[in-house]
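Let me begin by presenting the structure, written as structure tokens, before commenting on it.
Values quoted throughout were computed directly from the atomic coordinates according to the rules given, and no laboratory measurement underlies them. Nothing here was measured: the structure is a model prediction, and the numbers come from that model. Every residue, glycine as well, gets a Cβ built from its backbone with ideal geometry; the counts of neighbours run over all protein chains shown.
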Amino acid sequence: MKKPEDMKKPFDEEDFEDVNLMIDFYDYFEDAEILEDTINGIDYKYLEIYCKNSDCNCTEITLQIYQADKYLGNARYDYKLQRLTTKLNHLINLDTLIELNEIFEIKHQFVKSKFESELLIREIAAITAETKAYKEEIKGYKKEVKAYDKEIKYLKSNKIGRNEPCPCGSGKKYKRCCLAK
């Protein structure tokens with residue numbers, strides 16, 4: 001059994017909607033070899049399903065058991081306790097699973113870390129989008145401030161003469177109305 005180099009397809013949208021959903025290892029790592037074993041002359045295939053939640057400390061995987069293309073059921077295997085929890089124990093060679101404990105653990109951590117990386121990438125993308133929106137909003141505020149600055153400069157640069165009508169609208173000359181204020 002070889003360790004896959006990298007994911008062949010991205011996680012599905014529903015994987016992000018519920019982080020507690022488990023994922024089929026072979027859906028995402030298509031070049032990974034499927035676990036196969038022969039018991040009493042019968043060939044079985046075992047598809048591995050892993051928890052992807054990085055906050056979960058579980059050490060169990062689910063094995064979907066197939067004979068040819070016929071689905072026979074699920075078995076749960078705890079690679080830390082080296083124990084099967086299923087009524088289908090007769091369809092699985094526990095010694096074979098125990099030999100693969102380290103590989104199961106590596107795959108499990110790999111799935112969790114890949115999923116966590118994808119979650120972080122999504123969070124960073126969302127933060128980046130928010131930051132861009134804030135920058136655009138700030139640009140708008142800067143334009144408004146510049147417009148107000150121009151208006152203030154205009155008002156300051158255009159001094160009112162003493163004998164001109166007062167800008168307050170009283171009708172008096174500026175010197176007799178608002179000059180002293």
| request: Mind pulling the per residue volume of the convex hull built on the Cα atoms of the stretch 62-121? Å³ is fine. | output: 106
| query | If only Cα atoms are counted, what is the Rg of the stretch 138-181, and what is its Dmax, in Å? | reply | 14.8, 44
| task | Quick one: angle between helix 101-157 and the longest Cα principal axis of the chain, in degrees between 0 and 90, rounded to 10, please. | result | 10
| query | Using 1/(1 + (r/R0)^6) with R0 = 35 angstrom and r between the beta carbons of Lys175 and Lys143, what's the FRET efficiency to the nearest 0.05? | reply | 0.40
| said: Binning at 10 angstrom from zero up to the longest distance, how are the C-alpha pair distances of the stretch 90-181 distributed in percent? | reply: 13, 15, 13, 12, 10, 9, 8, 7, 6, 5, 3
| field | Length added when fully stretched, Gln109-Arg83, from 0.36 nm per residue minus Cα-Cα | value | 7.5 nm
| task | State, in angstrom, two size descriptors of the stretch 13-127 derived from its alpha carbons: Rg to one decimal place and Dmax to the nearest whole number. | result | 15.3, 56
| query | If you count, for each residue, the other Cβ atoms within 10 Å and average over each peptide, how do 91-97, 59-65, 146-152 line up from highest to lowest? | reply | 59-65, 91-97, 146-152
| said: Let's see if you can work this out: charge +1 on each Lys and Arg Cβ, -1 on each Asp and Glu Cβ, no other charges. What is the dipole magnitude of the chain about its Cα centre, in debye to the nearest 20? | reply: 3540
| For the chain, what's the relative contact order in percent, using C-alpha pairs closer than 8 Å and at least 6 residues apart? | 13
